[in-house]
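Here the structure is laid out as structure tokens; the discussion comes afterwards.
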Amino acid sequence: MNSKHDHNCGCDITHEHVDLARRRLLAGAAGATVVGAVGASSTALAATEQARATYADPENPGLPQIDMTIEPGRTALVVTDPQIDFLSEKGVTWGVVGESVTEQGTVDNIERLFIAAKSAGIPVFISPHYYYPHDHKWQFEGTLEKTMHSIGMFDRLGPLNLENFDGSGADWMPQYKKYIEDGETIVCSPHKVYSPAQNDLNLQLRKRRIDKVILAGMSANLCTQAHLYDLLELGYEVAVVRDATAGAKVPEGDGYLAAIINFRMVANAVWWTDDAVKRMTNGS
């Protein structure tokens, strides 16, 4: 773990506490047979055939099939939590999300979206997830909030402190840095639970007259889905890129499956990365 807490900070999160918690999470996930195929995700360029079959759309849909068009000047790419703790084998959640990230080809698919958006002049927004010492003093938490806090997920020393940030779980995936840190990408303030209700994503989009969003990132049934719902409620059109996200697989269920069902029911469009890249390239 690269981020540290002062033993006197009062948050009860120490280097030793977080390290042990992370190892317990990873060991527990492996023991629950959550991880079957967590090979090198960076080699996968698209969802595997098995994943496509497992999460295939119904042959005879019962709901209307709608779509979203890309319009220059009105459309942006929004990526949630493109961070080490979610997407790297070194991240604290790999034991539960690694299988899904690998089978969807999520890491490379997000990068393909970055490349396509930059090439097409489509603005890119990042909605990151950070926790500071004062966040560890919350008096109540949901199930996964408690989990994230206990394992030191996305931890930073403070909103103005980047000590030990580089390469930590809160940092960007290394291959994304050249896109995110190019001086053009808009990095929003951090969201704190799942949705962008607590950050400035909506403001940043509106100030650029964006009303259509191509949505990707982590994780499918948590932050990505919560961003989808919030953006829809705020009047945006949203297309979700289904294989540029992934979800945890735990005894309680398959997070990716839960998300893909809801994506089909509420999003304005659900695209594969190949389709999204083609549309961005062609401006359609």
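The values are calculated or read from the model by the stated rules, or taken from the named source; none is laboratory data. Everything quoted here is computed from the prediction, not taken from an experiment. Heads up, the Cβs are rebuilt from the backbone with ideal geometry, glycines too, and the neighbour counts pull from every protein chain shown. Keep in mind that these areas ignore ligands, DNA and RNA; they rest on the heavy atoms of the full protein, side chains included. Shrake-Rupley method; radii C 1.70, N 1.55, O 1.52, S 1.80 Å.
General remarks:
- Long-range amide H partners of Ala76 with built H, under 5 Å: Lys212, Val213, Ile214
- Segment Asp166..Ser189, full-extension length gain: 6.5 nm, with 0.36 nm per residue of separation and the alpha-carbon distance subtracted.
- Counting only residues at least eight positions apart within a chain, or on another chain, the aspartates and glutamates with an alpha carbon under 20 Å from that of Lys137 are Asp6, Asp12, Glu16, Asp19, Glu145, Asp155.
- Peptides ranked, highest mean first, by Cβ atoms within 10 Å: ranges 56-62, 138-144: 138-144, 56-62
- Accessible surface, the stretch 161-203, averaged per residue in Å² (probe 1.4 Å): 48
- Placing +1 on the Cβ of every Lys and Arg and -1 on the Cβ of every Asp and Glu, with nothing else charged, gives the stretch 145-284 a dipole about its Cα centre of roughly 340 debye.
- Ordering of 239-246, 177-184 by packing [mean C-beta count within 10 Å, highest first]: 239-246, 177-184
- Thr143-Ala56 FRET efficiency (beta carbon distance; Förster radius 22 Å; 0.05 resolution): 0.15
- 3J(HN,Hα) couplings calculated from phi for the stretch 268-284 with the Karplus curve 6.51 cos²θ - 1.76 cosθ + 1.60 (θ = phi - 60°) are, in sequence order, 6, 6, 10, 10, 7, 4, 3, 5, 4, 4, 4, 5, 5, 5, 8, x, 10 Hz; Gly and Pro show x.
- Shape category assigned to the stretch 115-185 from the gyration tensor of Cα positions, a/c cut at 1.5: prolate
- 5 angstrom amide H check on Gln83, placed H, neighbours 5+ away: Met173
- Dipole orientation for the stretch 131-189: of the candidates Ile180, Thr147, Tyr131, Thr147 has the Cα lying most toward the positive pole (charges on Cβ; Lys, Arg +1; Asp, Glu -1).
- Per-residue HN-Hα couplings for the stretch 237-252 [Karplus 6.51, -1.76, 1.60; θ = phi - 60°; Hz; x = Gly/Pro]: 8, 9, 10, 9, 8, 5, 9, 10, 8, 6, x, 6, 10, 9, x, 6
- Compactness ratio for the stretch 94-140: Cα radius of gyration over 2.2 N^0.38 Å (N = residue count) comes to 1.69.
- Annotation: amide H of Asp200 within the under-5 Å range of Ser189, sequence separation 5 or more or interchain, hydrogens built in the peptide plane.
- Computed from phi, the 3J(HN,Hα) profile of the stretch 200-214 under the Karplus parametrisation 6.51, -1.76, 1.60 (θ = phi - 60°) reads 9, 4, 4, 4, 5, 5, 5, 5, 10, 6, 8, 9, 10, 10, 9 Hz, with x in place of Gly and Pro.
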